[in-house]
Amino acid sequence: MPEGVDPSVPNVARMYDFYLGGKDNFASDRAAAEQILRLFPNTKEGALANRAFLRRAVRHVVDSGVNQIVDLGAGLPTRGNTHEIAPDARVVYVDYDAVVCAHGRAILGGEKVEILQADVRDTDALIERLGKLVDFERPVAFLMLALLHFIPDDEAYRVVAALREASVAGSHLVVSHAVDAAPDTSPEALQIYRQATAALNLRTPEEITRFFDGYELLEPGLTFPQDWRPDEELWPGSNIADFGYVGVGRKP
């Protein structure tokens, strides 16, 4: 186990792995995730809908001619990884978690795939290191799936702006973000995440839309994950819409 990792502290990446049905999680992660599931029984469905959105968004990015993708806060590798959806693209997975990066390096490979351990909040260092792995003179797609709600307001908007300014026209921003769907139970859920490796920062749809300043927000705009350009992967009858919003922007 990497130095400094405490398996007794719930880890948000491993909790998400548990929601997706993965096995790369510890007892503390499962216990915290089960607490969330008691409050929000459809959390697993929400995580799967978020993953399905990632697949559709990545296909759109590639179809738009972008062949460099930076998956920020990528989390643990699971089924339907970004490089599997876009096998001809250069893909860089970024995460600050040592366990995530070590696991990724152990099972991911290929000359077009890189694993970068970095804190996205240190934008100067991040952009410098990314500059050795992608060509910022060509369009880049930044994926920020279930990431920004773990970063406080000022830092979150600053990170997105820095990446936007570092990229050229034709670059894309892909975002999914949690909202305050249940005021009666959200405080308890927030407390669970405060005791994990990252606290949640829930935002309104208007606050999420601000992340796309400087981008053209593509149709259908900011929407529920299952409503962004749906396809046959979707399933009926689940009220997963409450969990958050997604959107894809293109830098003009």
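The values are calculated or read from the model by the stated rules, or taken from the named source; none is laboratory data. Remember, it's a predicted structure, so these values are computed and weren't measured experimentally. Glycine also receives a Cβ, built like all others from the backbone with ideal geometry; neighbour counts cover every protein chain displayed. Side chains included, ligands, DNA and RNA excluded: accessible areas come from the protein's heavy atoms. Shrake-Rupley method; radii C 1.70, N 1.55, O 1.52, S 1.80 Å.
With the cut-off at 1.5 for a/c, could you classify segment 1-86 from its C-alpha gyration tensor as rounded, prolate or oblate? Kindly include the intermediate steps, with their values, before the conclusion.
Numbers: a/c = 3.23, a/b = 1.62, b/c = 1.99.
Oblate, because a/c is 1.5 or more while a/b does not exceed b/c.
Quick one: what do you get for segment 91-219 if you divide its Cα Rg by 2.2 N^0.38 Å? List each step's numbers first, then the result.
On the way: Rg = 15.9 Å, N = 129, 2.2 N^0.38 = 13.9 Å.
It is 1.14.
Show me, for segment 247-252, the HN-Hα J-couplings you get by feeding each phi into the Karplus relation (A = 6.51, B = -1.76, C = 1.60, θ = phi - 60°), rounded to Hz, glycine and proline as x.
x, 10, x, 10, 6, x
How would you classify segment 93-143 from its alpha-carbon gyration tensor, with a ≥ b ≥ c the square roots of the eigenvalues: rounded for a/c under 1.5, else prolate if a/b is greater than b/c, otherwise oblate? The partial results should precede the final answer.
Working: a/c = 2.37, a/b = 1.29, b/c = 1.84.
Because a/c hits 1.5 or more and a/b fails to exceed b/c, segment 93-143 counts as oblate.
Starting from the residue with the highest accessible area, list LEU173, LEU48 in decreasing order, probe 1.4 Å. If you can, show how the numbers build up before the last one.
Numbers: LEU173 5, LEU48 75 Å².
Result of the area sort, largest leading: LEU48, LEU173.
Find the relative contact order for the chain and round it to a whole percent, using C-alpha pairs within less than 8 Å whose residues are 6+ positions apart. Please report the intermediate quantities before stating the final value.
Working: 426 pairs, mean separation 52.5, N = 252.
Reported relative contact order: 21 percent.
Give me the accessible area per residue for the chain, probe 1.4 Å, as a whole number in Å².
Values: 11460 Å² over 252 residues.
It amounts to 45 Å² per residue over the chain.
May I ask for the longest run of the chain untouched by GluC sites (Glu not before Pro) that are loop-located per DSSP and have at most 13 neighbouring C-beta atoms (other than their own) within 10 Å?
Longest stretch, sites excluded: 4-110.
Leaving ligands, DNA and RNA out of it, rank ASP97, ASP231 by accessible area with a 1.4 Å probe, largest first. Each step should come with its number before you reach the end.
Working: ASP97 20, ASP231 45 Å².
Most to least solvent-accessible, the answer reads ASP231, ASP97.
Quick one: if you stick a label point 7 Å off each Cα along the C-beta vector at THR204 and LEU190, how many nm between them?
For the pair THR204/LEU190, the computed spacing is 1.5 nm.
Could you please put TYR245, TYR96, TYR215 in sequence from largest to smallest accessible area, using a 1.4 Å probe? Write out the running numbers ahead of the final one.
Details: TYR245 50, TYR96 110, TYR215 25 Å².
Accessible-area ranking of TYR245, TYR96, TYR215, largest first: TYR96, TYR245, TYR215.
So what is the orientation-averaged projected area of the chain, using the convex hull of its C-alpha atoms, in nm²?
Details: hull surface 50.6 nm².
Its Cα hull, projected and averaged over all orientations, spans 12.7 nm².
Would you mind pulling out the separation of the Cα centroids of segment 29-104 and segment 190-221, in Å?
Cα centroid of segment 29-104 versus Cα centroid of segment 190-221: 16 Å apart.
Looking at the chain only, what percent of DSSP beta bridges run antiparallel? Nearest 5 please. If you can, show how the numbers build up before the last one.
Details: 10 of 28 bridges.
Antiparallel bridges make up about 35 percent of those DSSP assigns within the chain.
At a 1.4 Å probe radius, carbon and sulfur cover how many percent of the accessible area of the chain?
Numbers: 5740 of 11460 Å².
Ligands and nucleic acids excluded, carbon and sulfur give 50 percent.
Tell me, what is the FRET efficiency for ARG30 and ASP63 to the nearest 0.05, using R0 = 35 angstrom and their Cβ-Cβ distance as r? Provide the component values of the computation, followed by the final result.
Working: r = 38 Å, r/R0 = 1.08.
Efficiency, rounded to the nearest 0.05: 0.40.
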